[in-house]
Every structure is written in structure tokens, then in C-alpha cells.
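Asker: What follows is a single structure, and I will ask about it in a moment.
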Amino acid sequence: METLRFQKYTAASTQPLSLPLVSLPDVGSRPILAFSADGQLAAYLSKRADGVDGELQSQITVIDVQTGTPTAGPLAVADSRTPPHLDFSRDGNVLAAAGATEVRVWDLRDSREITTITLPDVRLQSRRFVAVSPDGTQVATSVEEPDADPGLWVFQCETGQPLIQMERTSGTANDDRFVFHPAQNQLIGAADSDSGQSHLCVWDVASGKVVQEIVSNEDCQTLAFAFDPRGDHLAVAMYHGTREYYPYATTIFDLGTWAPVTKIDNGNYVFWLAISPDGNHVSLIDGSGEASLWSTASGIRLQNFQLGLPSATAFSGQEGALLLLTNSDDQPDSAEIVTLRADE
């Protein structure tokens, strides 16, 4: 029996389950946040009045999760009709923000804006996602020119110039998530197939060609990704449109062989994933706002956490403190990063 160091949640508990770490003001009812790969930093979007005429301005602040101390920003971003998407480079030095009409990239070591990439507006009911390469020199995002098919493109950060389009992405670029490989010059995401289905694939960034189909026997919409800290395994939350039962599932793959190691039937749309530093646990945030902890060895659900409506999760530090982003109970436009109380 696996033993966890967090309390089991019970209605009769006399102790609060969560311990607040940081309060995030002016983030609205649906906070936009990203954690760095090691869980030490968080970047969040807020709207605050400027000092000239009092108009609300969108900005991003990067903080140390344990202390709440700002480490970069505020970083100005344009207002977007779609929710922005934020992503860190693996080393935490570069941050990208994707909105409906642009992608902005910053060097967090000095809060310098590296580039702004102006793009055609995303289509209705779509959201632009962005991924930053491990070394922070490239970003990938969707592009749909007028009267042209959409595609997944890679841009050079320093110049903002497009480098190459990934093949077989006209049907997936606007709706599916994607991620850079932590050690190879590759992208991982959903690609079109001759059968009309989307398959989980790997692209070579230099050529834009699909070099491997990881899942080729069923339809896959990619919802969320998470690497373990060593970069040995990748968890992918997917929607399998061809499955009659349990279409929402998360699979953990060995990055060396792309063989599936563990399969989790999580039963709902997954918005966020994180793998613990020891690789033993994966934390999921699903469409109902429920957080859950699973065993990566067995694929068994170990705990559920009903903490309002959590919208992001991470593991922080070598000991792997579980972090959750939740709405504040007493301040409707604020949120809190919380950790779970250790079992006493």
C-alpha cells in the first residue's frame, strides 16, 4: 500500500487541508498562471490601473512561489479576446505569452522583452497556445493566415522570424497542445493523418517532418503535457474521440522508447498535469475543477482534493511539495497558491 504524506480529505477534519503560500491579487475569476518546470516560479496575469488615467492594464508578474517575492515584471501584454497562454523555458529564464493576435517573449533575468510576434487573429472558439524550447531560443505557436490552412510554426525568439512549419498540422494547430522535447530538437503533439484522425506524433524541428507516430491506432486530441524532472518520462492527457468508454485518459511514456509505461483513465477533460520530482506521482486538474493525485506505477487514483476550483498544479523543490492554484474564498478577484498540509 502506497503511503502519502498528505492528509486524506474528510468533511469532519478539524484542520484545513491546504496551507496558503501566496495570494495573487487582481487576477479575476479565472486566473491565468504558469509554473516553471521545477515549481519554484509562477507567472500570473493580472489587470491593474495604470498611473495616468486609471485604465486597467494587463500585465504579467513572475514570483518566487515560496516567498511571493516578485522576480520579474511587471511585463506588459496586450488585451486579448481569448485567454492568454503562458509557458516557461525549461530553465525558467524565458517566458512566452500567447494571445489572440500576438506572442510576446521575455528574458526573465532582466525583464527584457525579447520580441513581439504579431499574428493573424485566431479563429472563433479557438485559443492560441505557445511552447518555449528548453534553451529559450525558439517558440512554437499556431498560425492561420487569411484564406490559408492553419499550421504549427516555430519562430526564432531573438528576431521573431518564422523558421519552419510542422507538417500535418492544419487540423490540429488551433485546438491541440504541443511541447518541445527536453533534450532533442523535436516537438511533440497531435498531427493529422490520412484517416482523418489526429495522432500523437514527434516532429523534427529542423525539417518540420513527422519522425515518429507515438499513438497511431486511435484519435488523439492533446490536452496537457508534463515531463518528470529528469526528462525521462512524459505524461500526456488526451481525448480519444474513437473510444466508446473512457475517452479521457492520461498516458505516461518512456522518452527513450516512446513505450507507454502507465495509463490513467481520469474520466474528464484535463487542464493541467505535473509529475513529482521522484516520479512516483502525477497531479491532474480536470474540467470539473477537481485536483487528484495518482500513482505513476499503478495508474490508481490515490487522493482527490476539493479546494474550490483549482486551475493549475505543480510540484515544488526536491521534496516535491504539491502546489495548487485556487480561487480565494473571501476575495472574488484574487487567487491563492496553496500547498497541502502534511499528515500529522
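Asker: Just the number, please: Stokes-Einstein D of region 138-222 in µm²/s, Kirkwood Rh from C-alpha pairs, 20 °C, 1.002 mPa s.
Answerer: Using the Kirkwood radius from Cα pairs, D works out to 167 µm²/s.
Asker: Viscosity 1.306 mPa s, temperature 10 °C: what is the translational diffusion coefficient of region 181-330 from Stokes-Einstein with a Kirkwood Rh over Cα pairs, rounded to a whole number of µm²/s?
Answerer: 100
Asker: No solvent, one uniform scatterer per C-alpha: report log10 I(q)/I(0) for the chain via the Debye equation at q = 0.09, 0.10, 0.11, 0.12 1/Å, two decimals.
Answerer: -0.46, -0.58, -0.70, -0.85
Asker: Quickly rank 36-45, 249-258 as a protection proxy: mean count of other C-beta atoms within 10 Å, highest first.
Answerer: 36-45, 249-258
Asker: For a quick check of your reading of the filter: which GluC sites (Glu not before Pro) in region 131-168 sit in a DSSP loop and have no more than 14 other Cβ atoms within 10 Å?
Answerer: In loop regions of region 131-168 (DSSP not H, G, I, E or B), the sparsely surrounded GluC sites (Glu not before Pro) are Glu158.
Asker: May I ask you to order 113-121, 135-143 by the average number of other C-beta atoms within 10 Å around their residues, highest value first?
Answerer: Listed from highest to lowest mean packing, they are 135-143, 113-121.
Asker: Rank these for me by crowding, Leu19, Leu324, going from fewest to most other beta carbons within 10 Å.
Answerer: Fewest to most other Cβ atoms nearby, the residues stand as Leu19, Leu324.
Asker: Still on this structure, I have one more. Find how much the distance from Glu145 to Thr69 grows on full extension, using 0.36 nm per residue of separation minus their present alpha carbon separation; answer in nm with one decimal.
Answerer: In short, 23.3 nm is gained.
Asker: Right, here's the next one. With a Cα-only, solvent-free Debye model of region 56-189, what are the log10 I(q)/I(0) values at q = 0.09, 0.11, 0.15, 0.22 Å⁻¹?
Answerer: Each listed q maps to, in turn, -0.25, -0.37, -0.69, -1.39.
Asker: Is the shape of region 231-304 best called rounded, prolate or oblate, per the rule: a/c under 1.5 gives rounded, else a/b larger than b/c gives prolate, else oblate, with a ≥ b ≥ c the square roots of the Cα gyration tensor eigenvalues?
Answerer: Oblate, because a/c is 1.5 or more while a/b does not exceed b/c.
Asker: How big is the Kirkwood radius of region 179-242, worked out from every pair of different alpha carbons and given in Å to one decimal?
Answerer: After inverting the mean inverse Cα-Cα distance, the result is 12.2 Å.
Taken together, the values in this text are just the output of simple stated rules run on the coordinates, not laboratory data. Not measured: the values here are computed from a predicted model. Here the Cβ is made from the backbone with ideal geometry for all residues, glycine too, and neighbour counts use every protein chain on show.
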